[in-house]
Each structure stands twice: as C-alpha cells, then as structure tokens.
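Reading through the structure tokens given below for one structure.
None of the figures in this text is laboratory data; all of them are computed from the coordinates on show. Note that this is a predicted model, so its numbers are computed, not measured. Every residue, glycine as well, gets a Cβ built from its backbone with ideal geometry; the counts of neighbours run over all protein chains shown.
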Protein chains: 2
Amino acid sequence: MTRGDGHNPPTLTEVAAAAGVGRATVARTLGGYGSVSEHTRERVLAAAKRLGYAPNELAKSMTTGRTNTLGVVVADVGNPFFAGILSGLASAAREGGYDILVISTSERLAEEQRAVATLLGKQVDGIVIASAAGRTDAVPHLQDAQRRDCPVVLVDRGLTAIQADTVVTNNRAVTAAAVGSLIERGHRRIGFVWGPVTNQPATDADDIAKVVDGTLWSDGERLLGYVDALEQHGIEFDTGLVSHSLPTEPQATRAVLGMLDLADPPTAVFATEADAMTGTLRALRRRGLSCPEDVSIIGFDDSSWAEVMNPSMTVVAQPMQAMGAAAARAVIARIAGFEGDPAFTTLDSTLIERASVTRR
Amino acid sequence: MTRGDGHNPPTLTEVAAAAGVGRATVARTLGGYGSVSEHTRERVLAAAKRLGYAPNELAKSMTTGRTNTLGVVVADVGNPFFAGILSGLASAAREGGYDILVISTSERLAEEQRAVATLLGKQVDGIVIASAAGRTDAVPHLQDAQRRDCPVVLVDRGLTAIQADTVVTNNRAVTAAAVGSLIERGHRRIGFVWGPVTNQPATDADDIAKVVDGTLWSDGERLLGYVDALEQHGIEFDTGLVSHSLPTEPQATRAVLGMLDLADPPTAVFATEADAMTGTLRALRRRGLSCPEDVSIIGFDDSSWAEVMNPSMTVVAQPMQAMGAAAARAVIARIAGFEGDPAFTTLDSTLIERASVTRR
DNA sequence: GTGAAAGCGCTAACAG
DNA sequence: CTGTTAGCGCTTTCAC
C-alpha cells in the first residue's frame, strides 16, 4: 500500500542520490560537522533545497540518543500559576534548543506516574515536574527516571525521598512575613485558607509537622510559615481558623463562611492561592461584610486584576516565570553533563502591600 | 564507550533472550496482536516485568510512522486565554491517546514558521495552531504541513488562504450583541480597545474591510461586530474611539486615556481582552473617574476575578476549554483518516451581564 | 504458533 | 575529503 498521496518527504538518501554523493557526505554537510569540499557542499545544499529536504528528527534521535525534548509535568496547564511556570520554562527551553512535551495530571499521583512513564517512553532528555506527591512520599516513578539517566528537576514542590535539583520559592518565609504584617497591624484572629489538603488536620501547633509531612511541599511550607508568625508573636494556634479543603473556589468560600460564623471570627484572612482569595471575597460578600473594613485580606499570586480591584489587593507575588526558567536551565545543565550535587534553589516571592489590609 | 552507568534500559531483544523466544513473539505478546500460546505468553510477560521493560516509543514511531503526539502552536502559554485552550486541548488529546508538544511564538510569524518546521521534523501526527498570520495572509508553512500529510487545525483564528478545519467563537455576533446592549442603554460614544494591530487604522466605516484583511482573524471579527452594532443603530463610526496599539496593558491604558481626553469622550468602553479591560480600569482611575458611574465597561474573558470585582464586571465569556477540546478532536479525527470537507466550527461566547454597565 | 530477516532514516566509526 | 558499513529498537512480512 502506498502512503498518503505519495508525497513522501524526501530522505537524506534521496538527497545524496540527487547530489550524486554518499549519504555520509550529506549528513556532514547538513549536520555541519566533519569537512566537506566547497564544491560538493554546494551541490548538496542545492539538492537539499530543491527537494525540500527536512531531517527526520526521530531517526536522528534514534541514533544519537537525544531528542532535544523536555518533559513537563504539572497539575493543570490552565491554572495561571502553572501557566506562568510553563511560560518561563518554554522560553528558557527554546533558548537552549529544547521543545517541551507537557502533561497535566490534575494533581493525581496515578496520572503522574503514567505521565512520567510516557515521557520516558518518548525518550525525553529530561523532566521538570511539580509533583503531586506529599513531601515525604516515596516517588519510585521519579527514581525510575533518574535510573534511566533521565535527569529530573523538581519545581515549586520539594520532595525528601529523592535527590534532585529543586527550584522553589521562599514560601515559609514570605508567609511568615505576610502573616506577621497582619499581626503587627493588630490582627490576632487570622484565617488561613487552604492549608494542606487532609482530613486529619492538626489539632494544635505541635501537630503541624505530622500534617505537613504527607502533603504538598508548598502547602506545608505555607502552613509552617503561618505557625511561625503566630508563635513569634505569641498568638495561639486555632485549628478552626485553618481550612484543609480541596483547592476549589467554592470550597474556599465554604471554609471562610464557616470561620466568619465562629463566635470569635477572624479579622483577617490569608489566602494561599488566587482562587482562595476570590473565594474569600465571595464569602465576605455573602455575609455583607467588606474588605478591608471588616476583614483584611492577603492573597497569593499577583495579576493585573489584583491591582485594579477595589480595594486593590495585597498579595504575595510569586516569580513563576523565573521558577520555570530556572528549572529549565537546571535540567538542561544536567543533560549537558553537569554533575554537581543536587542544588536546592529558593527564589523569592514578595509581599506587595496594597489596600486590602488595614489596621485593626 | 559504555553509556551512562551501564543501566541501559532493556530492549525488546533482551526480553526475547530472557524469555527464550524470538523477538517477533515478544512484539506480538506486548503489542497484543497476532496470536501467542498461553504458555509462551506468560513467559514473555514475566521476563518483561522482571527486566522492567518499557518500549522505546521512538523506535516504534520509526517503523509505524505515528508518534501519538500533537503539535500545538500558540502565542503564549502564559496568557490565560491560551492556557485555557491548552487545558481543554490537553485533556481531549490525552483522552484520544495523544501527548502534546507545545511551542509559543510570541505572536511572531517567523517563530511560528520555525515552530511548524520543528514539529514536522519531530513527526507530530497533527498540528493545532492559533496562527499569528493575518486572515488573508499566505501561510506556506501550514500548507507545507498539509502537503506532508500532517493535518492542521486552526483554533481561535481563521485563515482564508488555507483549507483546514477551524474552530473559532462567534466573535462578531457576540461583540455586536455586547456593543448593542451598550447602545440600548443610551451609550453613543463607545470606545473600542484593541482593534486589530495596525498603523493604518480605518478612517471611516467603509475602510474597515481593508484593515481587517491584514490582521488577526479574531481581532478583525470583533471590530466588524462593533461596526455592525453601530450601523444597526445609526451611530457614526469615529476612528478616534478605536485603538490599534499592541496588546499590552499599558498600551490599553494609554489609548483609553487618550479617548477620555477627547472633547466628546466615550461613556462606555468595550475591551476585547482581559488586559485591555484592566488597562481601561487603570485609565479611569488615573482620571479620577469611576465605573460604572462615569464610564461603563464590558470586558472579555470571564474569570473568578471578574465577578468579585467591585463593581462586578460585565464580560464576554469565551469557551476556551471547549475550543481546545474541539480542535483536538478535529485533528485526531483527521489523523484517524476522516476525509470530509474542512469543517468551520463556531462555538458561542456569551455575554455575562453584571454591574459594570449602567444606563446613561 | 513462532522465528528469521528486512527495513524505517539517520549518525558514526572506519576505510580508502 | 568522501563512501561504505553497521547499527539504534521496533514492527512486519514471510516462511517454517
């Protein structure tokens, strides 16, 4: 059976025939290595152009063992946070001569394992992943990749069970600073929306470490930062002020509604993601409360919306693009053969103070 | 020279050896075709598992001619609009058994051409693209792909120079409806932020067609919808009320500032993208004006922010995920051999009326 | 039911 | 400087 309409793309062999030279000569000419006489060089180039030759990268990869492709695994490419990471990742990758194969996992570990297997099967040269695994969870799929000489770089979320370059932000410190700024403005009852997802929340501050172990690195760090700030100012931890629901906006609203109905409701809320913040705003509105008069809010992730809001929102801005770019550069370096110890890079998020926080 | 630490991934040949059978038998067993006796079947499976065998998809693609990979080309994966498309695209692709290779072009045609060439080189089975080309521009790179039997599907932006499945939204109709709703509320001076990017704006309504030809499909359609509404209500087109600047927030602000300073300033602004809308809001703020009291606004692209804003924003919500999913399904169908005429699919965007528009 | 052999398009020694 | 020769790992006839 003949394929398609017949217009099979020309192969290197055909170019060689057309130019009347051997295949190796064509490979050398087009590959720009070895040496070729000016004369034949021109003939080859001419023939290639005439035939509209374009190399089959698959075949090339087959023999070189390199695909010039990076695998990227995140929870959801539609989420602005990951989209930002992806954006920085994509440009840094391209700069380094790599393309990216992206897989979303919806934060499901099983999907993540499949994703990694798929990427490995497609022979990507390296993997950048924001793993859905808990910080101390075993990650055999990632170790598998490493064993197969496929470098893995962790982005946004660290993992203790594996030795790998890691690029994260200063979640804990910036959260402590943000919550601290709330406390310094007189707030003592501070809601924390979206602690780590768990159905076994910490009942007191001493419990935190245990909770944090089994959950997402970034979530855990933020909760720790929150507790740091509380302890530093001698404020007691109240488990009722921390939500552990799934990260959907309605859940954030539900959680805040619950806090607002407490006998001693929060006067400020720290929201750890964009949707947690909009969800918080909805809750206030439902109770007829306003920000910052009744409740101060600090959100996460800056955007042009945050500033034009009324009030403009105080947020923790994460350097998403920079994270993505750093991660890309890290894998690329590993692919290139860099053998130093795994580097743990912490990029700084910054607190942007605007009008959604007021003194109490 | 030995590669890596030696742990080369096991090949099919090794599995065959370990199981004491021929390679074809292993291929049949693992590939699930042909027939294999229950006995040998088990041995093969056991050997494969024991060695931790995973097929090299590259080699497989090499012989089958299929990579199970879709190429996706957009301006910027970090842009919420494209991120939304990508999200829908990714899940539909995965459902169909495909992975996606994503390339951002920053809206540059040269980058786009390179991107397509790269994808073709990597032998993707199909391409989904939101092209940076003007609606009537020649697109040799895309025709090239088609000639190479690589189906191309256009998403968000149609193109007249090529025959291809296309998935877009009802930009023109929804814009006409939105602008119409403004007119019906008494507005006659309506700013249009981000008409097609050009330095040769239409000077009157009759000029529009020409301007539209050379620019992005979606931008053109929206401008046409704007003019439709004006004409329908007998309002004269004023070129000073249409901005043609580059789509960055600061440019939107600048443009609106200019309109606001007109002797006869707009009482309403229609912003065709999320950033155009936030930019508009900034401009109002700078002039000490407020929305909707002084100026009504209709924006584009819904998000949780739009609703929690104060005032909540009236917007045109685009079905980004659905667009991405439809595009993915379209390419997949073509790859599977579907040969019908190119389909032009129009998905509906909807006007979500909230509080940023008021009667005049 | 199963194995041997050819070949996908390319690169990488190795001779000449 | 250039052509020949092997493969890369897999699928796919085609005999046995």
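Structure notes:
- Dipole magnitude (debye, nearest 20) for the protein assembly as shown, charges at Cβ of Lys, Arg, Asp, Glu: 1780
- Separation in nanometres of the label points that stand 7 Å from Cα toward Cβ, at residue A:11 and residue B:117: 2.3
- In Å, descending, principal axis extents of the Cα set of the range B:209-299: 37, 30, 20
- Neighbour-count ranking [beta-carbon atoms within 10 angstrom, fewest first] of A:280, B:118, B:160: B:160, B:118, A:280
- Taking every DSSP bridge with both residues inside the protein assembly as shown, close to 15 percent are antiparallel.
- Peptide B:296-306 has a mean of 3 when you count, residue by residue, the C-beta atoms of other protein chains within 10 Å of its C-beta.
- In the protein assembly as shown, taking the dipole from charged Cβ atoms about the Cα centre, the farthest positive-side position among B:174, A:90, A:127 is held by A:127.
- Spin-label model, residue B:199/residue B:346: points 7 Å from Cα along the beta carbon direction are separated by 3.4 nm.
- Rounded, prolate or oblate (a/c below 1.5 giving rounded, otherwise prolate when a/b exceeds b/c) for the range A:219-360 by Cα gyration tensor: prolate
- Helix B:249-260 vs. chain B, principal-axis angle (Cα, 0 to 90°, nearest 10): 20
- Taking a ≥ b ≥ c as the square roots of the Cα gyration tensor eigenvalues, chain B comes out prolate, since a/c reaches at least 1.5 and a/b is larger than b/c.
- The fewest-to-most ranking of A:249, A:95 by surrounding Cβ atoms within 10 Å reads A:95, A:249.
- Charge dipole (the protein assembly as shown, unit charges on Cβ, about Cα centre) - positive-most of A:253, A:154, A:233: A:154
- Residue exposure sequence - A:162, A:298, A:103 - by fewest surrounding Cβ within 10 Å: A:162, A:103, A:298
- Partner chain coverage, peptide A:75-86 - average Cβ within 10 angstrom: 6
- Electrostatic dipole magnitude of chain A [Cβ: Lys, Arg +1; Asp, Glu -1; Cα centre; debye, to 20]: 1360
- With at most 13 neighbouring Cβ atoms within 10 Å, loop chymotrypsin sites (Phe, Trp or Tyr not before Pro) (DSSP) excluded, longest segment of chain B: B:34-337
- Inter-part distance, the range B:1-80 to the range A:310-360, computed on C-alpha centroids, equals 38 Å.
- If only the Cβ of Lys and Arg carry +1 and only the Cβ of Asp and Glu carry -1, the dipole of the range B:171-318 around its Cα centre is close to 420 debye.
- Build a GNM of chain B with springs between Cα atoms under 10 Å apart, and of B:266, B:140, B:201 the one that fluctuates most is B:140.
- Restricting the range A:100-200 to trypsin sites (Lys or Arg not before Pro) that sit in a DSSP loop and have at most 13 other Cβ atoms within 10 Å of their own Cβ leaves A:108.
- Spin-label model, residue A:184 to residue B:231: label points 7 Å out along the Cα-to-beta-carbon direction sit 6.1 nm apart.
- Shape call, the range B:12-64: gyration tensor on alpha carbons, a/c limit 1.5: oblate
- Of all DSSP-defined beta bridges confined to chain A, some 10% are antiparallel rather than parallel.
- Reported to the nearest whole Å, the Cα centre-to-centre distance from the range B:174-243 to the range A:274-302 is 37.
- Amide H to amide H distances under 5 Å link residue A:155 with A:129, A:130, A:131, A:167, where only residues 5 or more positions off or on other chains count and H is placed in the peptide plane.
- Taking the C-alpha atoms only, the angle from helix B:274-286 to the longest principal axis of chain B is near 30 degrees.
- Legend: mean number of C-beta atoms from other chains within 10 angstrom of residue C-beta atoms, peptide A:276-283, equals 3.
- Comparing B:346, B:13, B:67 in a Gaussian network model of chain B (Cα springs below 10 Å), the most mobile by mean-square fluctuation is B:13.
- Violating pairs (Cα-Cα greater than 32 angstrom) within the set A:210/B:49; A:49/B:210; A:49/A:122: A:210/B:49; A:49/B:210
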